[in-house]
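Read the structure below first, then the notes.
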Amino acid sequence: MYDFVVVGVGPAGARFSRRAAEQGYDVLALEKGTVGTPLACSGHVSTDIWAFTGEGAREELFQNEIYGARFHVGGPHSTAYPFYKDDVASNVIDRVGLDRHLADLAREAGADVREAHTVTAVTEHDDHIAVVVNGPDGVLEVEGKMLAGCDGPRSRVREALSLPEPDELLHGVLAFSDEVDHENFVDVHLTAPTFFAWRIPRGEAGVEYGLAAPPGVQVTKHFEELIDGYEIDVAHRCSGAIPIGPPSRVTSRRAFLIGDAAAQTKPFTGGGILYGMTAADHAAREINPDRPATLAAYERAWRDDLEREQSLGHILRRAYSLPEPVQRIGLNALSGEIGVHMDRPTSLVSPSHLKTMLSRLRP
Ligand SMILES: Cc1cc2nc3c(=O)[nH]c(=O)nc-3n(C[C@H](O)[C@H](O)[C@H](O)COP(=O)(O)OP(=O)(O)OC[C@H]3O[C@@H](n4cnc5c(N)ncnc54)[C@H](O)[C@@H]3O)c2cc1C
């Protein structure tokens with residue numbers, strides 16, 4: 001009987017496995033494929049990422065540093081409204097490498113991380129959780145005192161335990177050109193219904209073009225328009241789902257969700273790497289596998305930390321759907337230097353941001 005069986009070894013599962021193993025718990029982490037693949041993520045993260053990684057990570061994973069974003073109401077040739085910090089705001093990193101690095105840290109901490117193991121069924125009992133796994137040597141059944149569902153936006157664990165679905169699943173697409181680009185700005189185009197398209201310079205690793213929008217919207221058509229506008233050839237197309245929430249509950253009797261499975265993402269960007277790992281830390285700190293009542297403490301802790309950020313994120317996202325003339329006026333009025341932390345919309349009312357905004361008023 002394991003203390004924790006973890007389903008999915010993305011950033012959330014790897015981080016939780018590492019932290020739980022460091023506390024001396026017996027952790028089995030099951031990944032259906034090869035850690036890090038297939039890629040469906042930009043790997044654009046705040047510099048806080050380096051607080052979650054181990055030795056040598058920056059040298060291995062870093063691709064480019066970003067100071068700000070140029071917002072456009074239209075396509076590539078439309079007016080750009082820059083928002084920037086006077087310091088590095090974010091980094092673009094190798095996302096496949098990040099997942100491998102985080103999984104290695106979990107292994108080093110003592111977690112039993114197994115690739116090519118797909119969880120196909122989960123049953124919750126009064127005193128344990130039973131998990132059916134399809135692995136390279138056939139089907140096996142494992143038992144754990146608790147189960148962590150870290151299996152991404154279309155979580156099988158969430159479905160098996162009848163936990164609430166996220167409010168929305170956006171459809172994101174990505175592709176890459178081989179332009180070498182060390183520029184320090186990303187471009188954001190408010191051309192996709194209710195969300196946006198983007199261009200991210202990745203240094204020597206080329207340039208990424210992407211777009212996300214609700215299903216039903218013609219994502220491919222909007223993406224082709226973006227690529228045509230930039231007059232560039234792209235390759236390695238990939239796509240993935242972005243859950244937007246949060247759902248009303250992410251815990252059951254002996255199981256809990258972390259990361260995309262729990263829609264722990266930023267509603268205004270879809271980014272979830274840092275929220276997922278932050279929630280994983282709350283889970284590892286609060287949950288005792290011998291005391292199911294501690295699940296409530298996890299539910300409280302991650303919401304206390306992130307739910308207000310998500311609520312403000314929803315409000316920011318509404319601006320993507322304003323009429324174009326209103327967007328132009330707003331972008332024109334607000335663009336310039338800002339003091340906002342990209343993961344923390346509440347920092348819009350932080351002293352550093354207010355100071356930056358006030359300093360713009362000085363003659
Ligand atoms: C187009 C796009 C661009 C994005 N860009 C960014 C960005 O720039 N910055 C950012 O912060 N976030 C970004 N995101 C979001 C980010 O990718 C996710 O928030 C993040 O991957 C969530 O981590 P996770 O560990 O919760 O889930 P995942 O990374 O999805 O990991 C889940 C893991 O579970 C495994 N799994 C699933 N089912 C099973 C099963 N039955 N058995 C065993 N294993 C299973 C999967 O194989 C996978 O490895 C982007 C997402 C998309 C779609």
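Based on DSSP H segments of at least four residues, each scored -39500 (n - 2.57), the chain has a per-residue ellipticity at 222 nm of -9500 deg cm²/dmol. For the pair Thr79 and Trp50, the difference between a 0.36 nm per residue extended length and the Cα-Cα distance amounts to 7.0 nm.
Remark: segment 214-328 projects, on average over all directions, an area of 9.7 nm² (convex hull of Cα atoms).
Ordering Ser239, Thr220, Ile258 by Cα displacement along the dipole of segment 196-258 toward the positive end leaves Ile258 in first place; charges were set at the Cβ atoms of Lys, Arg (+1) and Asp, Glu (-1).
The angle between the Cα long axis of helix 351-361 and the longest principal axis of the Cα atoms of the chain comes to about 10 degrees, rounded to the nearest 10. Given in Å, the Rg to one decimal and the Dmax to the nearest whole number for the Cα atoms of segment 157-287 are 17.1, 53. Each peptide in 24-31, 114-121 receives the mean, over its residues, of other Cβ atoms within 10 Å, and ordering these scores from highest gives 24-31, 114-121. Bridges between two residues of segment 45-187, per DSSP, are antiparallel at a rate of about 90%. Along the axis of the charge dipole computed for segment 52-138 (Cβ charges of +1 for Lys and Arg, -1 for Asp and Glu, origin at the Cα centre), the listed residues Val122, His72, Gly97 are led at the positive end by His72.
In summary, the lysines within cross-link reach of Lys355, defined as a Cα separation below 19 angstrom excluding same-chain residues under 8 places away, comprise Lys85. When both bridge partners sit in the chain, DSSP labels roughly 70% of those beta bridges antiparallel. The alpha carbon radius of gyration of segment 1-149, expressed as a multiple of 2.2 N^0.38 Å, is 1.30.
Helix 11-22 and the longest principal axis of the C-alpha atoms of the chain enclose an angle of approximately 50°. Here the residues Lys266, Lys32, ranked from fewest to most Cβ neighbours within 10 Å of their Cβ, fall in the order Lys32, Lys266. Between the Cα long axis of helix 273-286 and the first principal axis of the chain there is an angle of about 40°, rounded to the nearest 10. Globularity index of the chain is 1.00 (Cα radius of gyration / 2.2 N^0.38 Å, N = number of residues).
Here the calculated FRET efficiency for Asn288 and Thr120, from their Cβ-Cβ distance with R0 = 30 Å, stands at 0.60, rounded to the nearest 0.05. Straight-line reach from Lys266: taking Cα to Cα under 17 Å and skipping same-chain neighbours fewer than 8 places apart, the aspartates and glutamates in range are Asp48, Glu165, Asp167, Glu168, Asp304, Asp305, Glu307, Glu309, Asp343.
Throughout, read-outs are computed from the coordinates displayed, never taken from laboratory work. Since the model is a prediction, treat every value here as computed from it, not as a measurement. Neighbour counts are summed over all protein chains in view; Cβ atoms, including those assigned to glycine, are modelled from backbone coordinates with ideal geometry.
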